[in-house]
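Down below is the structure, laid out as structure tokens.
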Amino acid sequence: MEAMAAFRDGAMSHPTFKIAVLAGDGIGPEVMSEARRVLDKIASRAGIGFEFDEKLVGGAAIDAEGSALPDATLEACEAADAILFGSVGGPKWESLPPAEQPERGALLPLRKHFGLYANLRPAVCFASLTHASPVKEEIIEGGFDVLCVRELTGGIYFGEPKHIDRDGVDPVAVDTMVYKRSEIERIAHVAFTAAAGRGKRLTSIDKANVLQNGLLWRETVESVAKDYPEVQLSHLYVDNAAMQLIRNPKGYDVVLAPNLFGDILSDEMAMIAGSLGMLASASLGESKGGGHYFGLYEPSGGSAPDSAGQGIANPIAQILSAAMLLRYSFGLEQEAASIESAVRAVIDEGVRTGDIFTGAAGTQKVGTTGMGDAILAKL
Ligand code: NAD
């Protein structure tokens, strides 16, 4: 990003980035305030300005303004450099018509409005939290760190024709898997750029043995690979990937998949990582050049109504979402990495919120703010 490059070169003393903050419902506001504290500390330490614009979204916005995504919220997002999102939804709004419910009424329109085509979901299992994973200890000893990159706006979820015909004796439903080369190229660039910045290995998922889409997917990914000679590319059929990722998650770095396959595999990886309260995500749109994007960053989990209002939710997913925002939207790699190291150090020291606390010797149970304090102390 130009502002950041100028800042690092000393040509600009105090770059300012605008962040639209949409905390949402349930635990959203509680975990968001910890992420805000972390960003404030990063700002004062690095000499950067973050301008936060807090707006209502989801159920809270329905209650106050009658819509899950009020105009003022969308306008704040348009004016921002990135969106930090909490989570939306809860029992109070479940009886509304589906299109008006918090998730359908806020998240889907935001994705569409900003053309957020790349969904990045890191599945990280920390060495000291392998017990929280359903996978055998001997397979994941030492933990793992896999980044799932899912194409989010194309493929079978959106392809036309798409209809269901219930007339006649044998009803028919049609969904169509469509990918254009340009759609595959842009998501492949996101995945290769991410891989180049970490373990330099990319596994592309397709079903090229059965689907025409798979053939185009594979040949396009191979042609994009020529721009990233430092990244080692391999391919897996999706059925085999579902098995291999569980058999040996430590063997993977970045996994790239079309929409449907990525939806399923990223949930599989979240499950084996252990705790939902630890997992961040990014949905990226327009590239600003230099590997930086406009994006929406949010925890992988939901609004956790069962934990809301009690000060017990784990803020790490939200804090790591803020770290992803710094990396992918602002190019602040060092600052993002310092947040991730602080989280890792706190976990290694045995600090645990209730969702990851087992009572094991050397561990200490804290609430949402206590976890925020511990992470701030490491920064
Ligand atoms: P959920 O992710 O909210 O909760 C599942 C379980 O994980 C719960 O036991 C919860 O307490 C726990 N959990 C999740 N995040 C946690 C955290 N940070 N710390 C501690 N524990 C955590 O999923 P759900 O119960 O199926 O859905 C609850 C509501 O959230 C629903 O209204 C759903 O529609 C909504 N939802 C929203 C989003 C989103 O905003 N992107 C995503 C998923 C679900």
Tally of residues being within 12 Å of the ligand (Cβ to nearest atom), crowded, with 20+ Cβ neighbours inside 10 Å and either more than 26 Å from Thr153 (Cα to Cα) or not hydrophobic (A, V, I, L, M, F, W, C) (or both) across the stretch 259-301:
10
Here the residues within the stretch 313-369 that are surrounded by fewer than 18 Cβ atoms within 10 Å (Cβ to Cβ), within 16 Å of the ligand (Cβ to nearest atom) and either under 18 Å from Val31 (Cβ atoms) or of a type in the set (Gly, Ala, Ser) (or both) are Gly354, Phe357, Lys365, Gly367, Thr369
Any idea which of (1) under 18 Å from the mean Cα position of the chain (by Cα); (2) assigned to a strand (DSSP E or B); (3) more than 15 Å from the ligand (Cβ to nearest atom) is the one Gly115 doesn't satisfy?
(2)
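Does any residue of the stretch 50-62 turn out to be out of contact with any strand residue (DSSP E or B) (no Cβ under 9 Å at 6 or more places or on another chain) and on the phi < 0 side of the Ramachandran plot? Give the derivation first.
Let us first name the residues in the stretch 50-62 that are out of contact with any strand residue (DSSP E or B) (no Cβ under 9 Å at 6 or more places or on another chain), namely 62.
Now drop any that are not on the phi < 0 side of the Ramachandran plot, which leaves 62.
Yes, the stretch 50-62 has at least one match.
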Across the stretch 82-99, the tally of residues that are modelled with pLDDT under 95 and away from the ligand (no atom under 13 Å from the Cβ) stands at 2
Does any residue in the stretch 155-177 that is closer than 13 Å to Asn259 by Cα come within less than 6 Å, Cβ to Cβ, of a residue that is among the aliphatic types (A, V, I, L, M) and outside any loop (DSSP other than H, G, I, E, B) six or more places away or on a different chain, and which pairs are these?
Gly155/Leu260; Ile156/Leu260; Met177/Ile156
With the first residue restricted to the stretch 188-204 and required to be under 13 Å from Asp227 (Cα atoms), and the second required to be of a type in the set (Ser, Thr, Tyr) and part of a loop (DSSP other than H, G, I, E, B), Cβ contacts under 7 Å at 6 or more apart or on different chains are Phe192/Tyr228; Ala196/Tyr228
Looking only at the stretch 68-81, which residues are away from the ligand (no atom under 16 Å from the Cβ) and either of a type in the set (Lys, Arg) or closer than 24 Å to Ala304 by Cα (or both)?
Pro70
Could you give every pair whose Cβ atoms fall below 7 Å, whose first residue belongs to the stretch 293-320 and is within 20 Å of Tyr117 (Cα to Cα), and whose second residue is in a strand (DSSP E or B) and near the ligand (Cβ under 6 Å from one of its atoms), counting only separations of at least 6 or pairs across chains?
Glu298/Ser87; Pro299/Ser87; Gly301/Ser87
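The values are calculated or read from the model by the stated rules, or taken from the named source; none is laboratory data. Note that the coordinates shown come from a computational prediction; the quantities given were computed from them, not determined experimentally. Heads up, the Cβs are rebuilt from the backbone with ideal geometry, glycines too, and the neighbour counts pull from every protein chain shown.
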